Structure formats: structure tokens, C-alpha cells
1. Just to be sure I understand, how many residues within the range 78-94 are surrounded by 13 or more Cβ atoms within 10 Å (Cβ to Cβ) and either in contact with a helix residue (DSSP H, G or I) (Cβ under 7 Å, 6 or more places away or on another chain) or at positive phi (or both)?
2. Of the residues 179, 158, 149, which single one is under 24 Å from residue 123 (Cα atoms) and more than 26 Å from the chain's Cα centre (by Cα)?
3. Restricting attention to the range 197-228, which residues are assigned to a helix (DSSP H, G or I), surrounded by 14 or more Cβ atoms within 10 Å (Cβ to Cβ) and out of contact with any strand residue (DSSP E or B) (no Cβ under 7 Å at 6 or more places or on another chain)?
4. Name the residues in the range 238-249 that are assigned to a loop (DSSP other than H, G, I, E, B) and either at pLDDT below 90 or surrounded by 18 or more Cβ atoms within 10 Å (Cβ to Cβ) (or both), would you?
5. Tally up the residues in the range 78-111 that are in a loop (DSSP other than H, G, I, E, B), out of contact with any strand residue (DSSP E or B) (no Cβ under 9 Å at 6 or more places or on another chain) and modelled with pLDDT of 60 or more, please.
6. When you check residue 194 against the structure, is it at pLDDT below 90 and surrounded by 16 or more Cβ atoms within 10 Å (Cβ to Cβ), yes or no?
7. Answer yes if at least one residue in the range 177-184 is in a strand (DSSP E or B), at pLDDT below 90, loosely packed, with under 15 Cβ neighbours inside 10 Å and in the same structural domain as residue 147 (by TED's automatic domain parsing), and no otherwise.
8. Those residues that are modelled with pLDDT of 75 or more, surrounded by 12 or more Cβ atoms within 10 Å (Cβ to Cβ) and closer than 30 Å to residue 33 by Cα, I need them from the range 50-77; list them, please.
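The values are calculated or read from the model by the stated rules, or taken from the named source; none is laboratory data. Keep in mind that this is a model prediction, so the values were computed, not measured. Heads up, the Cβs are rebuilt from the backbone with ideal geometry, glycines too, and the neighbour counts pull from every protein chain shown.
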């Protein structure tokens, strides 16, 4: 029979809810992380960030030792001085534009540049056979430019992108690599209707120039061409500017 004093939770039932042990002793109060001397009092020196509050923002470890200064990528001999032979692009500055990798182990440069003359070109597409140039295409990133007849050797349009040429304005040029056929393919579209191909009049474009950049293992792990483009951007190179890209890869023209 359940006796009255056995109904510990006083709910009128005699069941497992009444099977409670004795309350344990209260534990000792812990220390706040900011209370460095453990006296339970907020002392002035414990307000580490000096904001008038004593809280987790004051729980900072000791400052670590300063690390050694690193070596700039252009500083080949590591002496911390810009030596004449370290200004690889000869622009008078010592910066990331002088940080070029070595040639590949097979004796071919990691970066190759190719020029295709467009004498007499008058069409809505260009196909370039690269089967004897930078292969396999899956191992390279390609940066492509077109020379406008009005540029006099200095005005290179970055493609893919919009071209503003003399005879017809606002042409959009698409570019892609057809790996199965080893073709570099450019197509010209009406910028107001990107499903409509347009012919570029003869004499408007003088040349096509492209860089083939060998993708290293790190860049391949970051998407191949995307890894190359990300590295150029990190080096302060605007890929849409031919002259910046040429200077970065050591071409002086």
C-alpha cells in the first residue's frame, strides 16, 4: 500500500515518479575566464580591452611572437633588395609582374603565344587548327585577343567580349575550344540578338593572338582555366588588358 509520505511528488499516484534520490550538494562556483587572479572580483587590470565590461571579450591569450618577414616572389636571391636582374619585365618596378615561373621540364615554355593573320577575313566565324601547337587542350588555358584595323598595332580586344569596330559596332565575339577536333573557334554575334551571327567586313580585323598557358597541378585542382585566371587576378593582372597579360608573361611588345 502506498503511504502518504511515499507520494514524494504529491500527485496522488505511487509510481516511478516518486523514486527520487536525495538532492546532491551544490557545486563550488566556477571562475570567469576573465578573472585571472581567481578572486571573484572584477579588478581593473582584468578589463583587457578596456571597455568597462568584464566578459568573454577580455579572455584573450598572450600575443604570439612576430613571424619572420617573408620573401617577395620577385626577390630571387632573397636579399630584400630589388636587383637589376630581378626586374624581369624591365619596367623599373619590382612587383608581382616580375614573378614568372620557370620553363617546363620538357624544355617548352609554360606559356606560349601564337599569332594568326586575318588578311582577307570576311565571315561570321573563325576556326583555328591548334593540333600542332599547345596540346592536349585539356592541359592548357587559353587567353584570346583580336586586333582591330584602327588599333595600329596597339588596340587588342579581349574575347569573349564586345567589339566596337569601324564598320559595325557592338559585335559580340564568343570563343571556345573544341577539344575533340583541336580547334579554337570564334563566332561573331549581333550584340542586340545573341542568337544571330553577323559577318565581319573584310579588313576590319587584322590578327588573332592567343596565349596558351600550361595548367599546373594546383591550378588543375582549382578548375584548370579558372585556376589560371584566379592566379592572374591575384597577381593584379587584368586579363581583359592585353598589354598587362603580355608584360606578366614576359612579352615586351
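1. Total meeting the criteria: 5.
2. Selected residue: 149, the only one of 179, 158, 149 that is under 24 Å from residue 123 (Cα atoms) and more than 26 Å from the chain's Cα centre (by Cα).
3. Once the filter is applied, which keeps residues that are assigned to a helix (DSSP H, G or I), surrounded by 14 or more Cβ atoms within 10 Å (Cβ to Cβ) and out of contact with any strand residue (DSSP E or B) (no Cβ under 7 Å at 6 or more places or on another chain), the range 197-228 yields 219, 220, 227.
4. 249
5. 16
6. When the stated conditions are applied, residue 194 does not pass them.
7. yes
8. Result: 53, 54, 55, 57, 59.
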